[in-house]
1. Averaged over its residues, how many other protein chain Cβ atoms are within 10 Å of peptide B:759-765's Cβ atoms?
2. Which whole-number percent is the relative contact order of chain B (Cα, under 8 Å, 6+ apart)?
3. In square nanometres, what is the average projected area of the Cα convex hull of the range C:89-156?
4. Per residue of B:491-503, how many C-beta atoms from partner chains lie within 10 Å of its own C-beta, taken as a mean?
5. Find the centroid of the Cα atoms in the range B:148-205 and in the range B:411-470, then give the distance between the two in whole Å.
6. Rg (Å, one decimal) plus Dmax (Å, integer) for the alpha carbons of chain C?
7. If I fit a long axis through the Cα atoms of helix A:14-24 and take the longest principal axis of the Cα atoms of chain A, what angle between them do I get, 0 to 90°, rounded to 10?
8. Sticking with the crude label model, points 7 Å out along Cα→Cβ, report the distance from residue A:210 to residue B:157 in nm, one decimal please.
């Protein structure tokens, strides 16, 4: 199919983009990498009046340091982030998750911000932002606000973004060197959206879990933070961790659905299993006999 | 690689690089969407959003106002055009009225009900979105169970029965035999609906060139068959019809014949007088194109205490959808259930029904379902007797020593080798060692499984069913010494321009590079049904053999005359004519060709000038191909995923013209079989809406879903000229039973897994856990 | 609706035109520019047949607007072979290994591999095969394509003899 007609603008600056968004009165859609939006346009499932292409805004690109966090420009292409040495060193699970996003060709074009802002519930990057405790910086002509990723997602493809707002940065807080990473996804084929997936980070200090950030994808209408599991882990000595029990708590926070590809109960069952296995493997906990 | 009885080939049996590849690799192929004609306009269809109901009104007024829209057609605009729709068996009209555009009764979601002609496809789609359809919705008949009791999909019919073969009930005699058997295996298979899914969707460019000429560029399986189809369907016997399909991006049965949308474009092109193009998009393909399979079957097999079959009965249902290409398709093939086996007595019934879903089309390997259930049932019998799968087959397969034999279904076989193919694999795969590995793995919670399946396939059917006839070859040596040939063949990836050139170069004795095969246009060659039923390599290969040999006879006669030599002493090698024992008399073929074309006085007395020969090879009624496959899988008890660890194929397709082409056919079929078992599914919700309408939801196997196959060839020449046997469909037939048997074997610690395809992770994990994970879905 | 004047380099040649906003790069390359080797198999970014190189990287041309390629350097499958017809190493590997049948998906596979082996790069076989997860082929079962990847990879010692 071919897209319905639309206007197209490619602003050079953030301010220019914000002006266009404000003027459009809700009729504008932001085009970043386009790897999810373009299919929706082609299928006429999305029919904006005006498409605002942010690919030519230099200020939205690149990886930088801000106080206590790594700042990723939303228009940074996925392949660029994959090749970024600082990200590989500081946020290895971000890079691991990213390597599972779509396919080689879509990662060459797709952006970090596009994936984060679109909020596909079975996608890796929204869950990674939730797990790592990222903060999303949003601007409009009305001002700037910083929204924790955990408060950003409302439903499938639905976020707190207002029509006149633009994501201008995603700040991933620092995790100490050597932190433990969790990542596992179950997909039918490489590059498919996950039937069930989890991503997270843990820090261990003095034999105890000091900090935990874990989120699910493909397990509900949004990426879902495993808050009960996080709470149960923090402060616990490694020897006290019962991976099965923690995985049970983690699954309790989810609300998976049944679709063409897998059932609710499948997602819960396998989710619990891969969660427990990740804890065992990454924390080197022996399986109960 | 050459079969016994076939002279050592210069090119036959070699992995020659394909003639088609240089243009395809450099982007210079010619697919239908690559055609642009002056003045050409673009078509798009408005499609029904409901599965069943009545059209109350169609309002096209807003759509007509869109700038760039030239015309909008609905069914009433076509009322004055005869349409006698037919499928691949072109002589017969289909029994249910199948209009190009919906005529008032809506029979499935995605039916075309209006067609827009516009400057661009974009504009045509804009206009389609403005067409307003008012309808009265009715409850649809979606499943085969609903079809049995539901109101007829077609009001002209008394019920939803589309066709039936065999006898509905098990006869008393057969029942008595079943009752007397030592044990009976009852196998039930639910096979999902799938999409043939060629990478190039359907499409057509139609242009009426004046009142008497009609030219079609159409993606199809045979330009010759399409020309005949158009003449008959549109009842335009006085028009000259030219059909061109140089490159076709796969078909697999889907493009056997044009269907509703192509017909609508043809009619509009006849009426409107400008070239029209329609290229199906992938979304339209999934909601509107004809599909395949969706079958259910129960097989009862009686065995004696030693595991020999005593009798059997099959009960088979097929969901034909609303507008199948042929309502009887897939029903008669049940006849080919048993010719490889000693089956003393078999009864069956097959039924096809109409439902409010897209119609069924042919798909590679129409007896895949029969092979699947048979091979699965044999494995269950083996487990019952605690013997290996190969052992139950050894006891029941027809071996070389048994032949000739007439099987229970009345089919004579005298040169099949499924048993020998299986033994070939067993020489290379240590089953006992595997069983040890399997037992050890199970202790670690890893579930390995071994699948074996055997089959034979009737290929190259000729002369016993309409459309399926002989193939034609005309071979010419032009005055430059180059060889050109026009054949009735058509390739949708089969590489017939390569394999036929190998045969011709080999038989004449010229360089492979010096041979060009023309096909893909009904103005060259002659009638042939194209790629259908694994036939072209066999029958057209035979035609190319004989036509080349006939041409060689003429060359030899001329050479003998020119060189004052004996015709028997003359050979042609590498494009040079030699006389035995007289190397100084050698001359290039070109020299002789110049004489044959330009100097008739130098030819033997009475010989006509020119250097060409043509031959239509009728072929045999059918040629049997045999194979055995073996695969090893591991099923994850954690996720229900299947990993294919090894796959071996031993097939016997007689003379192999090009091993790379043969293996390509087997591999492609196997990949489709793997998709069918693990990934692919066209399903509908209760209102008849498809649940997969994009490639995001319809899962084709990717490069990492298909293992590397190990190929082994047996080469028992057939009695067909050249000794070839068909190989186009075998992989798609034997892939599913091989893989299903391996998965079932892997999971025997959890019980006997029934076949309900696809084996999704949800289904397999549910079986492993002994609970229904589907949530009633 | 808006029209845009655009100019880009396609296969080393300058090409300019006026396009409507909604025209995809694939439709522009096929239609206006005449590079029909760019094949459109799904228009939702899954099949990969439309893959071309944009500024040196393999992308799906159905998921880009033509206007977005303004100023870009685009290479299609028509731009790979040498002017004298000599096939590009990826094309040659595909021919030698019988990696295609109908040829419809082929340009997408070839362009992905051509992008990854630019400048004589020899990625591992796993990397090459991994990059093709987003390319669908319905004919070949991927056997020849895998062999072509092996041949093009850094792990390739010599052309395998088993298929001689």
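Every number in this text was worked out from the coordinates using simple rules, so none of it is lab data. All of these numbers come straight from a predicted model, not from anything done at the bench. Cβ atoms come from the backbone with ideal geometry, glycine included; neighbour counts cover every protein chain shown.
1. On the way: counts 0, 7, 9, 11, 2, 1, 7.
Counting Cβ atoms of other protein chains within 10 Å of each residue's Cβ and averaging gives 5.
2. Working: 1925 pairs, mean separation 125.0, N = 777.
About 16 percent, as a whole number.
3. Details: hull surface 15.1 nm².
So the mean shadow area of the Cα hull is 3.8 nm².
4. Numbers: counts 3, 4, 9, 3, 4, 0, 0, 1, 0, 0, 0, 0, 0.
Shielding by partners across B:491-503 averages 2.
5. About 25 Å separates the Cα centre of the range B:148-205 from the one of the range B:411-470.
6. According to the Cα coordinates of chain C, Rg and Dmax are 16.1, 58 Å.
7. 70
8. It works out to 7.2 nm between the two label points.
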